[in-house]
Amino acid sequence: MPRQPSPSASLIEMPSAAWKRSLARRLLAWFRRHRRDLPWRQSRDPYRIWISEIMLQQTQVATVVPYFNRFLEAFPTIEALAAADEHEVLRLWEGLGYYRRARGMHEAARQMVARFDGHFPTTLAEIGSLPGIGRYTAGAIASIAYDAQAPILEANTVRLLSRLVAFDGDPASGPGQKQLWALAEEILPRRGCGDFNQALMELGSLVCTPKAPDCLACCLAPLCAARAQGRQQEIPRRATRVAIEAVREASVVVWHGGKVFLRKRAAGERWAGLWDFPRFPLEAESAPAARRELSQKVREQTGLAIAGTRHFATLKHGVTRFRITLDCYAATSRGAKSRLAGGQSQWIEPAGLERLALSVTGRKLSRMLDDPAARSPWRASV
DNA sequence: AATACGGGGCG
DNA sequence: CGCCCAGTATT
């Protein structure tokens, strides 16, 4: 049995050739038996691999599967994606979160048409030059689609590699990242790097789990330094979480003649490119103060003058480090003239909201519009 | 190095 | 509820 590379250290010692051979042999044998049959594993089409990798950023496999299938049906090729409207792409992305990924992917497809004659680029550097593709994603695509000898490092492999060598340092720090990337590169086999990288992630995801790693079922247990030291629970070191901040916001369904008002979120804003009801932080404590604040802020954000404001629901949700309490109001606008630029706002019948890309809370709100409570008590001034 | 960016899965 | 997730771009 090859000896473990380091007893315990915040400096990672590179493993021996014998240890690396054992690692690759064990890992690939395990992967052949336990490889999940995921939709993006049915081919080595770099386009499909790319879509899956972008969707999988900070998003679990089970969540991605249905989105991946719908997306590929709508945009089966680079050309189809490049030719789409950004809004169509966002509509299919709705609910997946991190919408920058969808915008970046659309832009990347356009760049592939412009820069690479509509083909997916083939070198690691070219792949990594596209928007939304960092070091991990470039390595994943290059190795999985082209079998390039490119390393990857993400949540699963950080955990797995840290445990394998009993890495004591902070894996999120600069020095920790540098060493883990070096290890990820060092252990790559000469061939079969796509399977090797996927196997690392798969084992990290299914066996070498964060809370209770199943070392008894792990094909790498004999090579694992953390396991040998009984420290698999405490490695890797946990990141210190940023404090969650409570925030209160309001959304207002503004009615006019049977239609509701939506604005398109501007670039640089949260949910850029998505449609939304007028929405803003709400400070007021009392109902009358809230009514005044809503009128003022709706006017600031849209130019519309509202009346008959009524609270009809409260939604709670999280956005990154914020815990948002969203108070939902209905109101009526006296006029239809907003001060937003053309294309940045619209009056639309509730049924038409199905076509628009909304945030998850926007979608929940839109589903309530049949409820009489979500109508303003004031008659629309048609 | 820290922060913004969403939402859901799961114990 | 809290923790975690096939990260990237920006500051």
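The values are calculated or read from the model by the stated rules, or taken from the named source; none is laboratory data. Keep in mind that what you see is a predicted model, and the values were worked out from it rather than measured. Virtual Cβ from ideal backbone geometry, glycine too; neighbours counted across all protein chains shown. Side chains are part of the model used for accessible areas, which takes the heavy atoms of the whole protein and leaves out ligands, DNA and RNA. Shrake-Rupley method; radii C 1.70, N 1.55, O 1.52, S 1.80 Å.
Observations
- Antiparallel DSSP beta bridges within chain A, percent to nearest 5: 65
- Whole-percent carbon and sulfur share, accessible surface of the stretch A:17-228, 1.4 Å: 50
- Overall form of the stretch A:62-103 per C-alpha gyration tensor (a/c, 1.5; a/b vs b/c): oblate
- Those GluC sites (Glu not before Pro) in the stretch A:278-382 that DSSP places in a loop and that have at most 13 other beta carbons within 10 Å: A:283, A:285
- With all pairs of different C-alpha atoms in the average, the Kirkwood value for the hydrodynamic radius of chain A is 23.7 Å.
- Rounded tilt (10° steps) of A:100-116 against the dominant C-alpha axis of chain A: 70
- Using 0.36 nm per residue and subtracting the Cα-Cα separation, the extra length available between residue A:100 and residue A:371 on full extension is 94.3 nm.
- Listed residues A:41, A:310, A:355, most fluctuating in chain A (Gaussian network, C-alpha, under 10 Å): A:355
- The fraction of accessible area contributed by carbon and sulfur in the stretch A:253-382 is 52 percent, rounded to a whole number (1.4 Å probe; ligands and nucleic acids excluded).
- Within chain A, helix-based [θ] at 222 nm, where runs of 4 or more DSSP H residues each add -39,500 (n - 2.57), nearest 500: -12500 deg cm²/dmol
- The residues of chain A have, on average, 48 Å² of accessible surface per residue, using a 1.4 Å probe with all protein chains present.
- With the charge dipole of the stretch A:17-228 set up from +1 on Lys and Arg Cβ and -1 on Asp and Glu Cβ about the Cα centre, the Cα lying farthest toward the positive end among the listed residues A:222, A:128, A:34 is that of A:222.
- For the stretch A:245-374, the share of DSSP beta bridges that are antiparallel, to the nearest 5, is 65%.
- Residues whose amide H falls under 5 Å from that of residue A:329, counting only those 5 or more places apart or on a different chain, are A:251, A:252, A:253, A:312, with hydrogens built in the peptide plane.
- Phi angles across the stretch A:122-133 convert, under the Karplus curve 6.51 cos²θ - 1.76 cosθ + 1.60 with θ = phi - 60°, into 3J(HN,Hα) values of 10, 9, 4, 5, 5, 4, x, 7, 8, x, x, 10 Hz, Gly and Pro given as x.
- Phi-derived couplings, Karplus 6.51 cos²θ - 1.76 cosθ + 1.60 at θ = phi - 60°, listed residue by residue for the stretch A:24-38: 5, 5, 5, 5, 5, 5, 5, 5, 4, 8, 10, 4, 6, 8, 9 Hz, with x used for Gly and Pro.
- For chain A: relative contact order, % (alpha-carbon pairs under 8 angstrom, 6 or more apart): 16
- For residue A:323, the residues 5 or more places off, or on other chains, whose built amide H falls under 5 Å of its own are A:245, A:246, A:247.
- Of the cross-linked pairs A:178/A:316; A:264/A:316; A:211/A:264, those separated by over 31 Å at the C-alpha level are A:178/A:316; A:211/A:264.
- The GNM of chain A, with springs linking C-alpha atoms under 10 angstrom apart, assigns the highest mean-square fluctuation among A:217, A:155, A:290 to A:217.
- Surface/4 of the Cα convex hull for the stretch A:17-228, nm²: 11.7
- Among the protein heavy atoms, those of residue A:299 account for about 130 Å² of accessible surface (1.4 Å probe, every chain in place).
- Distance between the stretch A:107-183 and the stretch A:267-341 - C-alpha centres, whole angstrom: 40
- In order along the stretch A:330-338, the Karplus-derived 3J(HN,Hα) couplings, from 6.51 cos²θ - 1.76 cosθ + 1.60 at θ = phi - 60°, round to 10, 7, 10, 9, 6, x, 10, 8, 9 Hz, and Gly and Pro are given as x.
- Under a 5 Å amide H cut-off, with hydrogens placed 1.01 Å from N, residue A:13 pairs with nothing among residues at least 5 apart or on other chains.
- Tensor-based shape of the stretch A:245-374 (alpha-carbon gyration tensor, a/c under 1.5 rounded, otherwise prolate or oblate): rounded
- With all protein chains modelled, accessible area of residue A:256 [1.4 Å, Å²]: 40
- Cα-Cα P(r), the stretch A:59-143, percent of pairs per 10 Å interval: 17, 49, 33, 1
- Solvent exposure of residue A:75, expressed as accessible area, is near 10 Å², computed with a probe of 1.4 Å over the protein chains only.
- Extension gain for residue A:147-residue A:241 works out to 30.2 nm (0.36 nm per residue, less the C-alpha to C-alpha distance).
- Most fluctuating residue given options A:151, A:350, A:171, as computed from a GNM of chain A linking Cα atoms under 10 Å: A:350
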